[in-house]
Amino acid sequence: MSKLGNLGARLYRGEVGYDFVGKRKIWYGISILITITAIVGLAVRGLNMGIEFEGGAVFTTPKTSVSVAQAEKYAEDASGHDAVVQELGSGGLRIQVAGVDTAKSDQIKADLAQEMDLKADSINADLVGPSWGEQISKKAWTGLIIFMILVVIYLAIAFEWRMALAALIALIHDITITVGVYALVGFEVTQGTIIGLLTILGYSLYDTVVVFDSLKEQSKDLTKQTRWTYSEVANRSINSTLVRSINTTVVALLPVAGLLFIGGGFLGAGMLNDISLSLFVGLAAGAYSSIFIATPLVADLKETEPQMKALKKRVLAKRAAAAAKGESAESAAVVRDEDDEPDDDLPQDAAPAGVVGPRTQPASRGRGRGRPSGKRR
């Protein structure tokens, strides 16, 4: 078995672990900082909306020796507006100029033909109205709102309302960061961007639901024991699914990274950037939020319940009593009263939340308490 497979098995059994939930204030702070940066970038720079949303003209030229930079200068001089030029696989150019009407479009076409030494008839000009982009935007927002409402309802039924609320916050977190990155980078927002944003919602929810499902199973009858608090069980759930989350995220990010960095960056296929950037940032943010945001939020919300507060007090009191008797911290974490019921859902040899690295097996329950071994008579 590979090292990663061994690590995953040990994480699942609770033999090793990292205290994600215990350090949640750090993750909250990082997320708040990133979100504020994204919002500021969005407010200051704004989104570079594509021609589909602003309206304008698109000119497609045949194969030409004119460079992208030269064509951009020709188009901006002719129109008086910023132009976006992309090189096509056929050797031609696609020139976008926003905010022009039919009369202006004909003039720009003639000027481009003259500057690029092409026949005017060989340049194809298409006008795009802003109404199409407005309709797409409205439908996208409607679909997003309906999607989130259905997700909240489903998670509230399948799990509970606290998990539904945490998942919703994580989704908003992912979308905000992705849109903010678009504003900071300055990539053009097209219909491909909208498709990418809607696509990442499913990926973001996948890892979150996997952790929630593990948490639901491990927290059954939690108040009947005094070994673990809810936060510690939540932390165990993250660790037990950590390798799965990493594997699925890496596998999903590799082809998207190929589109973004190789296709869009190295090969110059700029149109691939529209959808690949939103997918890349959204997938990475979704994996982060499922581990560092959603589950810690559930733990915070859950431990406001009176029964969970009482459980935490009992667990801490028992550990303090065990520590006062000179027992080790690990033994104190698993010590139990003589009349405690065994916990079938929680492994007996699992490490307490926050422990990183291997640990020894806890001492047997009946040893070291002044009773001889063997059957009692």
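Observations on the model:
- Qualifying residue in the stretch 295-317 (condition: assigned to a helix (DSSP H, G or I), free of Cβ contacts under 8 Å to residues at least 24 places away in the same chain, open to solvent by 30 Å² or more (accessible area, probe 1.4 Å) and touching a Leu at 6+ places or on another chain (Cβ under 8 Å)): no
- Verdict on Gln86 being in contact (Cβ under 8 Å) with a residue 60 or more places away in the chain and of a type outside the set (Asp, Glu): yes
- Just one of (1) among the hydrophobic types (A, V, I, L, M, F, W, C); (2) at pLDDT 90 or above; (3) surrounded by fewer than 19 Cβ atoms within 10 Å (Cβ to Cβ) fails for Ala320. It is (2).
- Within this structure, Tyr18 fails the test of being over 21 Å from the mean Cα position of the chain (by Cα), modelled with pLDDT under 85 and open to solvent by 70 Å² or more (accessible area, probe 1.4 Å).
- Wholly within the stretch 101-216, helices (runs of 4 or more DSSP H) carrying at least 3 residues that are buried (at least 21 other Cβ atoms within 10 Å of the Cβ) and of a type in the set (A, V, I, L, M): 161-185
- Residue that is modelled with the highest pLDDT [pool: residues in the stretch 21-47 that are of a type in the set (Val, Ile, Thr) and open to solvent by less than 50 Å² (accessible area, probe 1.4 Å)]: Thr35
- Only a single item in (1) touching a residue at least 60 places away in the same chain (Cβ under 8 Å); (2) among the aromatic types (Phe, Trp, Tyr); (3) closer than 30 Å to Ile200 by Cβ is not met by Phe59, and it is number (3).
- Number of the exception - Gly354 against (1) under 30 Å from the mean Cα position of the chain (by Cα); (2) at pLDDT below 50; (3) part of a helix (DSSP H, G or I): (3)
- Where a residue in the stretch 183-205 is closer than 13 Å to Leu47 by Cα and touching a residue at least 24 places away in the same chain (Cβ under 8 Å) and its partner, wherever it lies, is in a helix (DSSP H, G or I) and open to solvent by 30 Å² or more (accessible area, probe 1.4 Å), with Cβ under 6 Å and at least six apart: Ala183/Leu42
- If you go through the stretch 67-94 and pick out every residue that is buried (at least 17 other Cβ atoms within 10 Å of the Cβ) and either within 14 Å of Gln114 (Cβ to Cβ) or over 38 Å from the mean Cα position of the chain (by Cα) (or both), you end up with 5.
- For the stretch 49-66, the set of residues classified as in a loop (DSSP other than H, G, I, E, B), farther than 23 Å from Gly282 by Cβ and open to solvent by less than 60 Å² (accessible area, probe 1.4 Å) consists of Gly55, Thr61, Pro62, Thr64, Val66, listed by residue number.
- The lone exception for Gly46 - which of (1) more than 21 Å from the chain's Cα centre (by Cα); (2) part of a helix (DSSP H, G or I) it fails: (2)
- Test result for Thr176, more than 30 Å from Ala69 (Cβ to Cβ) and among the hydroxyl-bearing types (Ser, Thr, Tyr): yes
The values are calculated or read from the model by the stated rules, or taken from the named source; none is laboratory data. Everything numeric here is computed off the predicted structure, so don't read it as measured data. All Cβ positions, glycine included, derive from the backbone under ideal geometry; neighbour counts span all protein chains shown. These area figures cover heavy atoms from the full protein model, side chains too; ligands, DNA and RNA do not enter into them. Shrake-Rupley method; radii C 1.70, N 1.55, O 1.52, S 1.80 Å.
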